[in-house]
Amino acid sequence: MTYSISKYKIICSFVLFLVCVITVLSVYNVNGVGWDFISHYLNARTVASSYFYSHLYVFNNRVPMQVNVNGVNRTYNDTSALVVNKNIYFDDVWEPLPTIIMGTLILFFDGFALPVYIVLLIAFLFVASYITAKNLDVDPLLLSSVVAGPFIISYTILYNGNEILASSFVLLTIGFIIAKQKKAGIFAGLMGLSKYASLFLLPLILFLRKPKEILKAIFLIILVTLPWLVFNYLAYGNPLKSYFVQLAETQPQSNTIVMFLSTVFSIIKYPLAILIIGLIMITYLETSRKRNKELKLTQTIKDFLKSQKGMVTISFFILALLEFGFVYSKTQGPIRLGYMLYLSTAVIAVVIISASSLGKLNINFSRKRYEIKDVIPYLAFSTSLILILMLYSSWMQLHFNIMGNLGFKSNQYVQAVSALKSHNLSDCSIVSNAWPYMNYYNVTAYSPYYCNSTVLKMPVVVFNNEGVSNYCIGTTANITNISQTFRYTNFSIYLPGNYACVR
């Protein structure tokens, strides 16, 4: 069965895209983007500057970093996030593709690069959904409606930006694997450069079946990833260094299986609901007509489990579940790290509902007969549209805004910059538990994990709502060797006894 997209479905897709863009940009205009996203933007701003390329020697200038791992304080001499010089920030273990894309946009759009990037991320998700729908032989409106659901729009854009970019490449990779095309290797490489966690899906390349096609796909993955591997080797002497650093950040936590499953359900509940509703409609239509002794749905599921689509999508879900179990313990919050889990459930739901053996089922509505395969996409579109409009409505009420104080436009960061100026500290390097935000406002800020004699002399800016408290010179509750303290509502500024303005 080949699904065509009518002008009505094109209009619906555009309306959904437009609503998603308006919703996300509305939050961006009020609060900005979150910690990880702004770190990527700072990377991009640095890469887009000519100064950076003439000062690459800084990769050899490491300061000790103290990190608490499983309750044990450990010191590392080679670190990640670097402040190269005044207003220059570069975190060399972040995934590189967002940095490259944003850096290019900065050259053309300067101060408007971030909102332009956000719009492009959402547009690319819809384009990837359309291409993937063609490879899966499913309705494009149905797939894009389920994919661009409330979870993706809520958690994968403003918090990080990497997840939605990786989601698009994940969809393309899955689609081309099901279509048995070696170009899946290109998109597999790109999804890894967008979000390292996406590399959990690499075993799916084996579903290309033919050894030659598998080897070609692996070659394409290596070819796409090679520049980043070379960078790692030149910077550290280890081509996989940035990958290992991020893996080392995962710390096990004592969460019960009930909590884990509850979080999983909170992520996949929307595509799961679409699947259940679709199956109920199909089952009702079949049983009410009693045309066959065996339900078409039963045979459809059997065929699904035996098919290339079924094997790839079920394996996709299993690998996504394993990936989520791995990253679930990360302190950043698991709810926005389940993008592959969400996508795998969405793809399974869409593939089962769109099965060819169910295509001729009809439903009567307003004296007209419609095929079920044409009804469910509009149902999914309407549901997604309503839920996203509800998100938009709640986000316009500040206390329901998902970013809250997490965005860089929050007043507390603006006030902190003003406070530093009032104390003649704005030109000094500082230590802060919100170092990316401070760097965004052109204050050279180091992470509180950095510990050497120079860093210990810097002013310290502590924000009450940030969780990092492992300071070289003490903790947020009891910072030692302090000569002066300036307290504000949401933050405090501390001057060490041996304070020095490092410029």
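The values are calculated or read from the model by the stated rules, or taken from the named source; none is laboratory data. On a predicted model such as this, the values are computed, not experimentally measured, just so you know. Cβ sites come from the backbone with ideal geometry, for glycine too, and all protein chains shown count toward neighbours.
Here are the numbers:
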read-out	value
Test: residue in the range 452-459 that is outside the structural domain of Tyr28 (by TED's automatic domain parsing), modelled with pLDDT of 85 or more, over 30 Å from Val21 (Cβ atoms) and surrounded by 14 or more Cβ atoms within 10 Å (Cβ to Cβ)	yes
Filtered residue count, the range 350-374, keeping only those that are touching a strand residue (DSSP E or B) at 6+ places or on another chain (Cβ under 6 Å) and either modelled with pLDDT of 80 or more or of a type in the set (Lys, Arg) (or both)	1
Qualifying helices (runs of 4 or more DSSP H) (wholly inside the range 148-197; at least 1 residues being surrounded by 24 or more Cβ atoms within 10 Å (Cβ to Cβ) and among the hydroxyl-bearing types (Ser, Thr, Tyr))	162-178, 184-194
Test: Val119 is of a type in the set (A, V, I, L, M, F, W, C), assigned to a helix (DSSP H, G or I), under 24 Å from Thr263 (Cβ atoms) and over 14 Å from the mean Cα position of the chain (by Cα)	no
Count of the range 404-450 residues which are among the charged types (D, E, K, R) and within 21 Å of Ile482 (Cα to Cα)	2
So Val414, is it modelled with pLDDT of 85 or more, under 17 Å from Cys501 (Cβ atoms) and of a type outside the set (D, E, K, R)	no
Number of positions in the range 115-146 that are in contact with a Leu (Cβ under 7 Å, 6 or more places away or on another chain), of a type in the set (A, V, I, L, M) and either over 21 Å from Lys373 (Cβ atoms) or surrounded by 22 or more Cβ atoms within 10 Å (Cβ to Cβ) (or both)	5
Out of Phe381, Phe400, sole residue that is modelled with pLDDT of 85 or more and within 30 Å of Pro150 (Cα to Cα)	Phe381
Selection status of Leu275, at pLDDT 85 or above and either surrounded by 14 or more Cβ atoms within 10 Å (Cβ to Cβ) or polar (S, T, N, Q) (or both)	yes
